[in-house]
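Asker: Handing you this structure, nothing more for now.
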Amino acid sequence: MTTSILRTADAWWVQTASGAARVDTDATTTRELLADRSAIDAAAKSTDTVPVQSLALLSPITTPCRVVAQATNFASHVKDVGRDPAKTPLTFFRKASGSVTGPFGDIVKPSHVQLMDYELEIGLVFGRELPVGTEVTAANLADFVVGLVVSNDVSARDVQLTKQQFFESKSYPTFTPVGPALVLVDADELKRFGELRLRLSVNGEVRQNMVVEGDILFPPVQALQALSKFQKLDAGDILLTGTPVGTALTLHGVTPKGDIDLGAFLTAQFEKNPAYLHDGDVIEATVATDDGAIDLGVQRNVVVYK
């Protein structure tokens with residue numbers, strides 16, 4: 001059975017059937033909390049609870065931390081941006097942890113950004129150090145990955161495409177909403193990763209709705225086998241695992257095969273593609289198995305133009 005960890009400005013909480021029980025811990029960071037499992041377990045059994053709705057929830061992932069992400073990792077999304085899944089390599093990029101915000105915070109568009117996009121992703125949360133050179137297998141994956149979170153890899157597409165890089169375009173403050181819960185999973189639950197459904201809507205209109213299995217190109221074991229060759233990870237770090245079809249950015253039906261006139265493409269996106277995020281848009285995102293056995297909660301953010 002999963003355990004859902006919540007965070008407020010002054011405390012950590014475990015979500016129970018009757019509400020949220022405060023964790024008796026001195027931990028101030030996600031890393032420290034994950035090392036205090038006895039306190040988490042005690043809170044999970046507590047009957048002294050408050051309504052979850054009464055809590056002002058923050059990201060359950062504290063910063064600074066490493067935020068690593070997989071690029072174009074779902075076949076449906078790869079096809080939608082005009083690429084061939086069979087020819088798509090396993091690649092990573094970093095996001096500044098200063099981009100992390102809470103599950104209900106505003107997503108703020110910088111004044112110079114014109115094309116702000118969403119990417120619903122599942123974040124893998126590490127519970128112990130993963131040194132460079134570690135051999136990751138299906139058998140020991142749960143030794144390192146202890147939790148899952150809803151995350152949104154918000155992206156400034158005009159910055160991304162014109163500068164041909166990811167770090168700046170995805171690292172503005174508030175560009176990585178995380179939570180509401182850090183859902184701790186055991187080895188058997190982690191094996192159900194492929195059954196998770198990612199669902200995102202904008203103003204009630206469903207934009208993304210896809211089950212992981214059958215669409216993901218490089219699942220967690222493969223990803224960590226590659227990442228551990230060069231990147232150390234610590235407890236409290238997260239790996240975003242990619243997004244399925246449904247983002248605002250799409251080449252399907254927009255451009256012919258061959259070279260793209262980037263200037264013309266961006267102009268067309270700005271003038272003719274209404275799917276990019278607008279001031280006041282409400283984004284709701286969920287990740288869960290269809291049977292509800294694993295449920296990462298509902299994330300709700302409002303877009304604010306700066």
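Asker: Look through the stretch 78-97, keep the residues that are of a type in the set (Gly, Ala, Ser) and not in a helix (DSSP H, G or I), and return whichever of them is modelled with the highest pLDDT.
Answerer: Let us first name the residues in the stretch 78-97 that are of a type in the set (Gly, Ala, Ser), namely 82, 86, 96-97.
Applying the additional criterion that residues be not in a helix (DSSP H, G or I) yields 82, 96.
On the way: Gly82: 85, Ala96: 98.
In this case the residue turns out to be Ala96.
Asker: So, Pro244, is that one surrounded by 15 or more Cβ atoms within 10 Å (Cβ to Cβ), closer than 18 Å to Val78 by Cβ and touching a His at 6+ places or on another chain (Cβ under 6 Å) or not?
Answerer: Yes.
Asker: Considering only residues that are assigned to a loop (DSSP other than H, G, I, E, B), under 26 Å from Arg7 (Cβ atoms) and not charged (D, E, K, R), which ones fall in the stretch 227-239? If you could, list the steps in order and put the result at the bottom.
Answerer: Within the stretch 227-239, the first condition is being assigned to a loop (DSSP other than H, G, I, E, B), and the residues that meet it are 228-232, 234-237.
Checking the rest, the ones that are also under 26 Å from Arg7 (Cβ atoms) come to 231-232, 234-237.
Passing the criteria: Gln231, Ala235, Gly236.
Asker: Examine the stretch 34-46 for a residue that is touching a Ser or Thr at 6+ places or on another chain (Cβ under 6 Å) and either at positive phi or of a type in the set (Val, Ile, Thr) (or both), and state whether such a residue exists.
Answerer: Applying the first criterion (touching a Ser or Thr at 6+ places or on another chain (Cβ under 6 Å)) to the stretch 34-46 yields 36, 39, 44.
With the extra rule that they be either at positive phi or of a type in the set (Val, Ile, Thr) (or both), the set shrinks to none.
Scanning the stretch 34-46, I find no residue that is touching a Ser or Thr at 6+ places or on another chain (Cβ under 6 Å) and either at positive phi or of a type in the set (Val, Ile, Thr) (or both), so the answer is no.
Asker: Taking the options Lys45, Lys79, name whichever one is out of contact with any strand residue (DSSP E or B) (no Cβ under 6 Å at 6 or more places or on another chain), of a type in the set (Lys, Arg) and without any contact (Cβ under 8 Å) to a residue 40 or more places away in the chain.
Answerer: Of Lys45, Lys79, the one residue that is out of contact with any strand residue (DSSP E or B) (no Cβ under 6 Å at 6 or more places or on another chain), of a type in the set (Lys, Arg) and without any contact (Cβ under 8 Å) to a residue 40 or more places away in the chain is Lys45.
Asker: Could you please find all residues in the stretch 139-178 being of a type in the set (D, E, K, R), outside any helix (DSSP H, G or I) and over 25 Å from Met210 (Cβ atoms)? Steps first, please.
Answerer: So in the stretch 139-178, the residues of a type in the set (D, E, K, R) come out as 143, 153, 157-158, 163, 168, 170.
Filter once more, keeping what is outside any helix (DSSP H, G or I): 153, 168, 170.
Glu168, the sole residue that qualifies.
Asker: Please go through (1) surrounded by fewer than 23 Cβ atoms within 10 Å (Cβ to Cβ); (2) over 18 Å from the mean Cα position of the chain (by Cα) for Lys109 and return the number of the only condition it doesn't satisfy.
Answerer: Failed condition: (1).
Asker: In the stretch 179-226, what residues are farther than 18 Å from Val136 by Cβ, polar (S, T, N, Q) and not in a strand (DSSP E or B)?
Answerer: Hit for the stretch 179-226 is Asn203, nothing else.
Yes/no matrix, rows are residues, columns are (1) under 14 Å from Asn152 (Cβ atoms); (2) of a type in the set (S, T, N, Q); (3) in contact with a strand residue (DSSP E or B) (Cβ under 7 Å, 6 or more places away or on another chain); (4) part of a loop (DSSP other than H, G, I, E, B):
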{"position": "Pro103", "(1), (2), (3), (4)": "yes, no, yes, yes"}
{"position": "Val108", "(1), (2), (3), (4)": "yes, no, yes, no"}
{"position": "Ile122", "(1), (2), (3), (4)": "yes, no, yes, no"}
{"position": "Val125", "(1), (2), (3), (4)": "no, no, yes, no"}
{"position": "Thr137", "(1), (2), (3), (4)": "no, yes, no, yes"}
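The values are calculated or read from the model by the stated rules, or taken from the named source; none is laboratory data. What you are looking at is a predicted structure, and each value in this text was computed from that prediction instead of being measured. Cβ coordinates were reconstructed from backbone atoms using ideal geometry, including for glycine residues, and neighbour counts include every protein chain displayed.
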